[in-house]
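These notes are about the structure you will find just below.
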Amino acid sequence: DLLRMSGTYPFFPPLEGSEGPVVTYQGKEVVMMGSNNYLGLTHHPKVLEAAKQAIDQYGTGCTGSRFLNGNLDLHDQLERELAELFGYEQALVFASGFLANVGVIAALGSIPGTVIFSERENHASLIDGTRLARGEVRLFADLADLARQLGTQADWSHALVVSDAVFSMTGRVMDLRRLAELKRKYKFKLYVDDAHGIGVLGPGGRGAVFDQGVRAEVDLLFGTFSKSLASLGGFVCGEARVIDWLRHTTRSLIFTAGLPPASVAAALAALGVMKEEAGELQTKVWANARYWREGLDAIGYCTMGSTTPIVPAMIGSESLAFRVARDLLDLGVFALPVPYPVVPRGQSLIRTSVMPTHTRVYLDRALDAFAQVRKRYDIPEFDPDNLPVADKEDWSWLMPEQTKSATQPAA
């Protein structure tokens, strides 16, 4: 309510149109700097045409669970192509990435005797999966912490370690090589969420797992279609016997409708484009990422050492982050704030990301807006290795003067 009264509430903005790097908001063209469209394929002609043809052939929806009447030959084809691309025996496609992570982690974590080790910064879908699991769950702050916890016994073959490959808010990349070393030593099973790495990292866009050469140590690989692959849905790749068990066990697959035909076809087409054009698309997105990150650094923002197309701009104060986001939108740039509890209190940021379809004109326009906002507010200079943690947030200064007396309690 306070954010709405102050005019800084940023969530659920009704976008009226999109061309990829720009969107229409309240009749105005705005540079999109907050998308996960890492390869810019949402408007690729092949992707659009495939989705249209699927609607003509299959209709608009599956109207039932894949387990029963909602499975299409398109679903099966997509699973075969994913398994082949990532070098696994089988893949399993879900109606959303969230459903995939929640369902699979909950199912595996409920096998009697299982212990789950989950990275503290993991995506909400992984966290919620561990909450639904009936087995023991332990959090680890970093790989040194994980090693300390694993060191209490020699064999952890009953354990599942779960981690993002690229962390969605900061762009931090997990040291998967070190994680693989720990796996070889302690014999746990490894589940890697590479949602934000597939498409932009690794040879052919195969992701961080392939970029770091640890494919053989990753037992289950998770990815989504809603980032680089320009569609909707999620998938998990693994051994045939494991995937078959999940196919008949995972509640978030069995008890939800199948991924709509247009979405499956769009994902298949995007997968094909990625295979054909990955080199060119990656070259463009990485050039834009460097240009954008260096531009923000030059203005004075802390980008937390990001090495991916996800580039955070640290603000610190939650209330200030909301105000910065509002001013950016007024200046023609769409980039939303990330407050507590998504990040630790006192470490709020503006999450930005680039795509290959951003021209330098668009990026310069966005950098100019960030520079103007930087001059308006006293945004601290942060040390990415020593970020502040606040006990609480003071929102009172954000309130419009006319509402303060009405909303603040009496002394």
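The values are calculated or read from the model by the stated rules, or taken from the named source; none is laboratory data. Quantities reported herein were computed from a predicted structural model and do not represent experimental measurements. Cβ atoms come from the backbone with ideal geometry, glycine included; neighbour counts cover every protein chain shown. Side chains are part of the model used for accessible areas, which takes the heavy atoms of the whole protein and leaves out ligands, DNA and RNA. Shrake-Rupley method; radii C 1.70, N 1.55, O 1.52, S 1.80 Å.
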Notebook entry, point to check: Rounded to the nearest 10 Å², what accessible area does Arg345 show when all protein chains are kept and the probe is 1.4 Å?
Noted result: 60
Item checked: Counted charge near Asp327, where neighbours are those whose Cβ lies closer than 15 Å (Asp, Glu -1; Lys, Arg +1) -> +4
Next item on the list: With a 1.4 Å probe and every protein chain left in place, work out the accessible area per residue of region 75-141 in Å², rounded to a whole number.
Entry: 41
Margin query: Tell me the accessible surface of His358 in square angstrom (1.4 angstrom probe, heavy atoms of protein chains only), to the nearest ten.
Written below: 10
Next item on the list: Report, in whole Å, the centroid distance computed from the Cα atoms of region 243-269 and region 140-172.
Entry: 28
Check: HN-Hα J couplings of region 322-339 from phi, Karplus 6.51/-1.76/1.60, θ = phi - 60°, integer Hz, Gly and Pro as x?
Finding: 5, 5, 4, 4, 5, 5, 4, 5, 4, 8, x, 10, 9, 7, 8, x, 10, x
Checklist line | Sequence of Ser348, Ser35 when ordered by accessible area, the most exposed leading, probe 1.4 angstrom | finding: Ser35, Ser348
Item checked: Among Gln149, Gln57, Gln372: highest mean-square fluctuation, GNM of the chain, C-alpha pairs under 10 Å -> Gln57
Notebook entry, point to check: Using θ = phi - 60° and the Karplus curve 6.51 cos²θ - 1.76 cosθ + 1.60, what whole-Hz ³J(HN,Hα) does each residue of region 363-374 get, with Gly and Pro shown as x?
Noted result: 5, 5, 4, 5, 4, 4, 5, 4, 5, 4, 5, 4
Next item on the list: Starting with the highest mean, order 67-74, 90-97 by the number of other Cβ atoms within 10 Å, averaged over the residues of each peptide.
Entry: 90-97, 67-74
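Students sometimes get this wrong: rank Tyr38, Tyr88, Tyr362 by accessible area, probe 1.4 Å, all chains present, largest first. Display every interim value, and only then the final one.
Values: Tyr38 0, Tyr88 25, Tyr362 45 Å².
In descending accessible area the options line up as Tyr362, Tyr88, Tyr38.
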Next item on the list: Amide H neighbours of Phe188 under 5 Å, at least 5 residues apart or on other chains, H built in the peptide plane: list them.
Entry: Trp156
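With n ≥ 4 as the cut-off for DSSP H runs, can you work out [θ] at 222 nm for the chain, using -39500 (n - 2.57) per run divided by the number of residues, rounded to the nearest 500? Provide the component values of the computation, followed by the final result.
On the way: 14 runs with 166 residues, N = 411.
It lands at -12500 deg cm²/dmol.
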Margin query: Can you give me the long-range amide H partners of Ser353? Hydrogens built in the peptide plane at 1.01 Å from N, cutoff under 5 Å, separation of 5 or more residues or another chain.
Written below: Gly34, Ser35, Val311
Notebook entry, point to check: Taking the chain as a Gaussian network, where each spring joins two C-alpha atoms under 10 Å apart, which residue of Lys52, Lys187, Lys375 fluctuates the most?
Noted result: Lys375
Note to self: Could you identify which residue out of Leu331, Leu82, Leu387 has the top mean-square fluctuation in a GNM of the chain using Cα springs shorter than 10 Å?
What the structure shows: Leu387
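Counting DSSP beta bridges in the chain, what percent are antiparallel, to the nearest 5?
Details: 25 of 44 bridges.
Counting only bridges with both partners in the chain, antiparallel ones make up about 55 percent.
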Margin query: Can you work out the Karplus-derived ³J(HN,Hα) for every residue in region 143-154? Use 6.51 cos²θ - 1.76 cosθ + 1.60 with θ = phi - 60°, whole Hz, and x for glycine or proline.
Written below: 6, 5, 5, 4, 4, 5, 5, 5, x, 6, 8, 7
Notebook entry, point to check: Ignoring ligands, DNA and RNA, how do Trp245, Trp286, Trp156 rank by accessible area with a 1.4 Å probe, largest first?
Noted result: Trp245, Trp286, Trp156
Notebook entry, point to check: If you roll a 1.4 Å probe over the chain with all protein chains in place, what percent of the accessible area is carbon or sulfur?
Noted result: 52
Margin query: Contact order normalised by length for region 271-391, with contacts defined as Cα pairs under 8 Å and 6 or more residues apart; what percent is it?
Written below: 31
Margin query: In Å², and per residue, what accessible area does region 281-404 have when probed at 1.4 Å with the other protein chains present?
Written below: 44
Margin query: With the cut-off at 20 Å, tell me which of the pairs Lys28/Lys375; Lys187/Lys227; Lys227/Lys275 have Cα atoms farther apart than that.
Written below: Lys28/Lys375; Lys187/Lys227
